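The values are calculated or read from the model by the stated rules, or taken from the named source; none is laboratory data. Being a predicted model, the structure only gives us computed values, none of them experimental. Don't worry about glycine lacking a Cβ; one is built from the backbone with ideal geometry, like all the others, and counts go over all protein chains shown.
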Amino acid sequence: MEHYNKVINILEIFRTNRSSKGLICAHCQSQQVIRYGTYNKKQRYKCKTCKKTSTDFTNSPLNMCHFPNKWPEFIKCTIKGLSLRESARVLKVSYITLFYWRHKLLIALKNIKNKEFIGLVEVADIFLSYSLKGQKGIDVRAPRKCGRKYKYLLGEKVCVLIATDQSRNITSRATLNLGFNKRCVYDAIGDLITEKNTLLFNQKPAYSSFCRDKKITFYNSSIEGCSINSGRSYLNNFLKWMLRFKGIASKYTNNYLSWYKFLNKISFNDTYIGIEKLIKIMSSEYITEINSSICKQRLETA
């Protein structure tokens, strides 16, 4: 771990990356920023527009972090797929602390904007059981009955929708589903699909209704020669990858979808170059989440 701390100066990476186009306020994005002394060996800044002060870590996953020098090793453990408890033994940090570090990192990755799709776009979906893992004070619930078909129509499922094109552009989104409808499709891909695209999907009226509204050419998997193998394969691989976590709270599904999408699109390794690359990407994203707001995350209802 000491090797990574000596080689990777995470504060310097944040300072260099965030000031590459001039000083910018971490709160209001104004360029009317001046240097304002130091705090705990970190440079402070003051914005003339909003009058707030900040450091290079403000509104980042490392904001108010007591061990910023341990983040390179934490990222190494994350890339290797170690559990929180295994990572805690390596870093000598509480696994609860690492839980919040993980989700701040995932939220930063989730904030990276998706590119518009090119050409043919495959769309696939899957429904997962809703989980309250880790939540305290759960009200008494009636026993669940087995054998009921289409449970997602009663709001008992999490709908995961993914779309991918021939250039490997991928977007994914999970919602608490009260009946699969056009709004689910709009929320997931409405801003990324244009009339230049062609949509390929399974047989669900919500997709065809979405395409008619957007005036998009579409095909469904019932047509001979049309299949959504890429989308289904991506979902299957995501579910296999998720097995390592032994279940997650459903409210965090979008965070893990972003993590998997990022690892699937860009190959990372636990070398100096891989860790530094991920830190640079993370430093470019501004997030305001703190520990308490992470706990209060909720899955949106479509």
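Structure values in brief
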item	result
Single residue of the range 188-209 satisfying the filter (among the small types (Gly, Ala, Ser) and in contact with a Lys or Arg (Cβ under 7 Å, 6 or more places away or on another chain)) that is nearest to Leu176 (Cα to Cα)	Ala188
Residue in the range 20-30 that is out of contact with any strand residue (DSSP E or B) (no Cβ under 6 Å at 6 or more places or on another chain) and under 29 Å from Phe99 (Cβ atoms) present	yes
Selection count, the range 42-99, where residues are in a loop (DSSP other than H, G, I, E, B) and either touching a strand residue (DSSP E or B) at 6+ places or on another chain (Cβ under 9 Å) or not charged (D, E, K, R) (or both)	22
Whichever residue in the range 271-285 is surrounded by fewer than 16 Cβ atoms within 10 Å (Cβ to Cβ) and not in a helix (DSSP H, G or I) and, among such residues, is modelled with the lowest pLDDT	Thr271
Options Lys104, Lys157, Lys133, Lys204: the member that is within 30 Å of Ser60 (Cα to Cα) and modelled with pLDDT under 85	Lys133
Some residue of the range 25-36 being of a type in the set (Lys, Arg) and outside any strand (DSSP E or B)	no
Residues that are at pLDDT 80 or above and surrounded by 22 or more Cβ atoms within 10 Å (Cβ to Cβ), drawn from the range 174-196	Ala174, Phe180, Cys184, Val185, Ala188, Ile189, Ile193
